[in-house]
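Heads up: the structure comes next, in structure tokens.
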Amino acid sequence: MLHDLNKTLEKLLVEKGKLTPNQIDISFEQPNGQWSARLSRPTLNCWCFDLRENMKLRNMDMDAYRNGSRGVKSIPARRMDLTYLVTAWASKIEDEHQLLWRALAALKRVPSIEPRDCEGLLRYQTRDVPLLVADTSSTNINLVDLWGVLDNQMRLGFTLIATVELDMELSIEAPLVLEATIRLGSSDDPARRTLNEGGREELKIKPKPGQKPPSAPDDSQEKP
């Protein structure tokens, strides 16, 4: 999934930023000193350094649907924030700034990516992938501390936060309830939901033989 997001961002930068792949590289490696020493041409680096759940988008309601004669409940997908540090690398500072500005403009023009425009498994996401570009108002990211662990000179850059779904792959399947029992009578203590012994009646409700569950297809009807 992470590789698919990288490929999606790379395609977005090439198409929207009008970058030429045979002249400019796009890398997703950690931009440490060893990495930058190997560069031979202008490079745009997108390093994913943080992964955490977006608690504001968490949904604890179970999704319920029918699977034949059984009912299925599943846990909704979690929403995960992936945070990138985007920097440009070139031998001349003006080339770095121009490349970084083109990347910023390309990403800012796309508030979200539709699943059909994504790569790999991201195509099966049920929601768009929102992009938060150059906005750290909702995070506590300290770029100075971040560069301190990279063993490299600090570069001008911006953050990119992409939110994707994490499928929990957990579902609960059980037979549909087709029979009910109704108890009738008087009670001296209704709060405890107990009935007095005298005069208590029970009514059982069950489908008639051959009756199908509600909304189930009726095979007895002829198809046109």
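Hey, can you tell me all the residues within segment 1-57 that are more than 22 Å from ARG116 (Cβ to Cβ) and of a type in the set (Ser, Thr, Tyr)? Answer for segment 1-57, where residues must be more than 22 Å from ARG116 (Cβ to Cβ) and of a type in the set (Ser, Thr, Tyr): THR20, SER27, SER36, SER40, THR43. Within segment 115-137, the set of residues being touching a strand residue (DSSP E or B) at 6+ places or on another chain (Cβ under 8 Å) and not hydrophobic (A, V, I, L, M, F, W, C) comprises PRO115, GLN125, THR126, ARG127, ASP128, PRO130, ASP135, THR136.
Beta carbons closer than 7 Å, at least 6 apart along the sequence or on distinct chains, pair a first residue in segment 87-105 that is free of Cβ contacts under 8 Å to residues at least 60 places away in the same chain and buried (at least 18 other Cβ atoms within 10 Å of the Cβ) with a second that is of a type in the set (A, V, I, L, M) and assigned to a loop (DSSP other than H, G, I, E, B) for LEU100/LEU156; LEU104/ALA134. Take the conditions (1) aliphatic (A, V, I, L, M); (2) within 25 Å of PRO31 (Cα to Cα); (3) within 14 Å of the chain's Cα centre (by Cα); LEU121 misses just one of them, which is (2). ARG38 meets all of the listed conditions (1) of a type in the set (D, E, K, R); (2) surrounded by fewer than 19 Cβ atoms within 10 Å (Cβ to Cβ); (3) touching a residue at least 12 places away in the same chain (Cβ under 8 Å) but one, namely (3).
Restricting attention to segment 106-132, the residues that are closer than 13 Å to LYS11 by Cα and small (Gly, Ala, Ser) total 2.
For segment 107-124, the criterion of being within 29 Å of GLN34 (Cβ to Cβ), aliphatic (A, V, I, L, M), outside any loop (DSSP other than H, G, I, E, B) and at pLDDT 95 or above is satisfied by at least one residue.
If the condition is being within 23 Å of the chain's Cα centre (by Cα) and aliphatic (A, V, I, L, M), then segment 2-31 contributes LEU2, LEU5, LEU9, LEU12, LEU13. Just one of (1) closer than 13 Å to THR8 by Cβ; (2) touching a Phe, Trp or Tyr at 6+ places or on another chain (Cβ under 8 Å) fails for VAL86. It is (1). All of GLY33, GLY17 fail the test of being surrounded by fewer than 18 Cβ atoms within 10 Å (Cβ to Cβ) and either touching a helix residue (DSSP H, G or I) at 6+ places or on another chain (Cβ under 6 Å) or at pLDDT below 95 (or both), apart from GLY33.
The values are calculated or read from the model by the stated rules, or taken from the named source; none is laboratory data. All of these numbers come straight from a predicted model, not from anything done at the bench. As a convention, Cβ positions derive from the backbone with ideal geometry for all residues, glycine included, and neighbour counts pool all protein chains shown.
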